[in-house]
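A quick write-up on the structure given underneath.
The values are calculated or read from the model by the stated rules, or taken from the named source; none is laboratory data. The shown structure was predicted, so the numbers you read here are calculated from the model rather than taken from an experiment. Cβ placement follows ideal geometry from the backbone for every residue including glycine, while neighbour counts extend to all protein chains displayed.
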Amino acid sequence: MRAALLALAGQEEIVAVSTIYRTKPEGRRDQPDFYNCVVEIKTGKMPEELKYQVLRGIEAGLGRQRISDKFAPRTIDLDLMLYDNLIVDTDRLVLPDPEISSRSFLAVCLSELAPDLILPGTNSRVADLSARFSLDNMQPLEDYTARIRNDLHFSERVS
């Protein structure tokens, strides 16, 4: 996580980082826990360029090998969840990420950064989506989050 965020900071302006949470893996439980967070950035890149060149480039640099099993163990998984108010639905990209409303770690982390955001194409406020989830399966890693924010040269998330 730290290496991925530092690599991202080397290419894009990181504005905010949510709390990092440890969660059980989705789909296949026979692998280590995941660390999850949401990062807000400023970029001049278009969404597909950001996803396929920047994020996938960082994943490859950290040893990620993509295979057909989307639940397979991996070193890192970087996803583009939102891009301003853009709505995209193509074979290569769907925005906003439809899993925001079904995965606690996405909704909760996003709500930390933008609770009043209305997901594009919906009437759903992020804080309301987040409130539907129990945090029982999410362990906040506050010290780790603080160290990473410090490494990125800011101590508090910016709302």
Original post:
Restricting the range 112-128 to residues that are of a type in the set (A, V, I, L, M) and either assigned to a loop (DSSP other than H, G, I, E, B) or within 16 Å of Cys37 (Cα to Cα) (or both), which is nearest to the chain's Cα centre (by Cα)?
Top reply: Leu113
**OP:** Mind counting the residues in the range 9-39 that are touching a residue at least 60 places away in the same chain (Cβ under 8 Å) and closer than 14 Å to Ile148 by Cβ?
**Re:** 13
**OP:** Quick one: in the range 105-120, of everything that is surrounded by 13 or more Cβ atoms within 10 Å (Cβ to Cβ) and without any contact (Cβ under 8 Å) to a residue 60 or more places away in the chain, which residue is nearest to Leu62 (Cα to Cα)?
**Re:** Ala107
Original post:
Looking only at the range 81-100, which residues are buried (at least 16 other Cβ atoms within 10 Å of the Cβ) and hydroxyl-bearing (Ser, Thr, Tyr)?
Top reply: Tyr83
Subject >> Residue list for the range 1-34, filter: at pLDDT below 95 and either touching a Phe, Trp or Tyr at 6+ places or on another chain (Cβ under 7 Å) or aromatic (Phe, Trp, Tyr) (or both) >> reply: Met1, Thr23, Pro25, Glu26, Gly27, Arg28, Phe34
Original post:
Is there a residue being closer than 23 Å to Ser130 by Cβ, surrounded by fewer than 16 Cβ atoms within 10 Å (Cβ to Cβ) and either without any contact (Cβ under 8 Å) to a residue 24 or more places away in the chain or among the hydrophobic types (A, V, I, L, M, F, W, C) (or both) anywhere in the range 54-75?
Top reply: no
**OP:** Answer yes or no: is there a residue in the range 62-79 that is within 16 Å of the chain's Cα centre (by Cα) and over 24 Å from Thr23 (Cα atoms).
**Re:** no
**OP:** Only one of these is loosely packed, with under 14 Cβ neighbours inside 10 Å and in contact (Cβ under 8 Å) with a residue 40 or more places away in the chain: Asp143, Asp151. Name it.
**Re:** Asp151
Original post:
Any idea which of Asn137, Asn123 is over 26 Å from Pro47 (Cβ atoms) and modelled with pLDDT under 95?
Top reply: Asn137
